[in-house]
Amino acid sequence: MPELPEVETVRRGLEPVMHGATIINADQNRPDLRFPFSENFVARIKDCKITDIKRRSKYLIFVLDNDLTIISHLGMSGSFRIVKENSEDQPGDFAHEKSKDGKHDHFVFHLDKNGHRAKVIYNDPRRFGFMLLVPLNELDEHAYFKDLGPEPTGNGVSSEYLAQKLQTKSAPMKSVLLDQRIIAGLGNIYVCEALWRARISPERKASTLVTKGGKPSAKLSSLTTHIHDVIGDAIRAGGSTLNDHIQTDGKMGYFQHQFNAYGQEGERCQHENCKGVIARITQSGRSSFYCPKCQT
Ligand SMILES: [Zn+2]
């Protein structure tokens, strides 16, 4: 499932082709994905120019010059690929993969940017993704966005902000960090990794990271830095694969990461001088991976 860094990588990959391009036509190949496309979807976006491509949490937002936006979510298995004019002649492997995937190509944007034509194809075998049209001025109040906390990539998530949110919370750190009202788009993988880096147990009661005076403890300040870093590192890793990736098969957004805690059950903890072994526990129905020895 794509996490925030993958979605941001997709956004950065689409930007050069889609930003400023006109949607000269579109093919909607089925009535629905996770739920139906907005009514008259193609007619309402045709001939519009894409003036911006944004990301909020794990949603992509295409801003059009008719004051509509397309909200797109990749679900479990959604991906975009770019086919540029004169570049459809790809080596053999690609042709095979493309025909195999073709039945899951559910939506195609036909674009023109300064006379250069390109197709951007949305493929989604499991169809948990979706696209819908929302007026730009209703975006902030939309059900998907109105209660979202700040992005983990920006200054909105500071140690002071977290101290204020955590000081009354008796819930375990794991569930507080997954709460989208506190931090938007931070998924299970990156919560596990940030807690491992900061040496904080996922079971630790959130309020114990805040001083009596309501200030962030040293551990909470460290965690804040690590939250920014794990997300930043993953976005950089995605960005570094992006060019190669598009050139070889035109797809974007899924890449292998090296994790220190997530999925590492039974492996030796990689913290220097720690002889612990990564354990897996279940919290609120989801797996937490952590080192019981150094994460307290
Ligand atoms: Zn350890």
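The values are calculated or read from the model by the stated rules, or taken from the named source; none is laboratory data. What you see is a predicted model; the values in this text were computed from it and never measured. Please note: Cβ atoms are built from the backbone with ideal geometry, for glycine as well, and neighbour counts cover all protein chains shown.
Within the range 1-17, residues that are touching a residue at least 12 places away in the same chain (Cβ under 8 Å) have Cβ atoms under 6 Å from residues that are crowded, with 22+ Cβ neighbours inside 10 Å and part of a helix (DSSP H, G or I) in these pairs: PRO5/ALA234; PRO5/GLY238; THR9/GLY238, counting only partners at least 6 apart in sequence or on another chain. Within the range 123-141, restricting attention to residues that are crowded, with 17+ Cβ neighbours inside 10 Å and out of contact with any helix residue (DSSP H, G or I) (no Cβ under 9 Å at 6 or more places or on another chain), the residue that is nearest to VAL7 (Cα to Cα) is GLY129.
Scanning the range 267-284 for residues that are in a strand (DSSP E or B) and either touching a Pro at 6+ places or on another chain (Cβ under 7 Å) or within 9 Å of the ligand (Cβ to nearest atom) (or both) returns ARG268, VAL277, ALA279, GLN283.
Name every residue in the range 142-157 that is of a type outside the set (Ser, Thr, Tyr) and either crowded, with 17+ Cβ neighbours inside 10 Å or in contact with a strand residue (DSSP E or B) (Cβ under 8 Å, 6 or more places away or on another chain) (or both), in order of residue number.
At the first step, the residues of the range 142-157 found to be of a type outside the set (Ser, Thr, Tyr) are 142-143, 145-152, 154-157.
Within the range 142-157, HIS142, PHE145, LEU148, GLY149, GLU151, PRO152, VAL157 qualify.
Number of residues in the range 33-54 that are assigned to a strand (DSSP E or B) and in contact with a strand residue (DSSP E or B) (Cβ under 7 Å, 6 or more places away or on another chain) equals 6. Taking the criterion of being charged (D, E, K, R) and more than 13 Å from the ligand (Cβ to nearest atom), the only residue of the range 285-296 that qualifies is ARG286.
Against the conditions (1) modelled with pLDDT of 95 or more; (2) small (Gly, Ala, Ser); (3) surrounded by fewer than 19 Cβ atoms within 10 Å (Cβ to Cβ), SER284 satisfies every one except (1). Based on this model, can you work out whether LYS169 counts as buried (at least 17 other Cβ atoms within 10 Å of the Cβ), assigned to a loop (DSSP other than H, G, I, E, B), out of contact with any strand residue (DSSP E or B) (no Cβ under 6 Å at 6 or more places or on another chain) and on the phi < 0 side of the Ramachandran plot? When the stated conditions are applied, LYS169 passes them. Do we find that SER222 is hydroxyl-bearing (Ser, Thr, Tyr), assigned to a helix (DSSP H, G or I), surrounded by fewer than 16 Cβ atoms within 10 Å (Cβ to Cβ) and at pLDDT 95 or above in this structure? In short, no.
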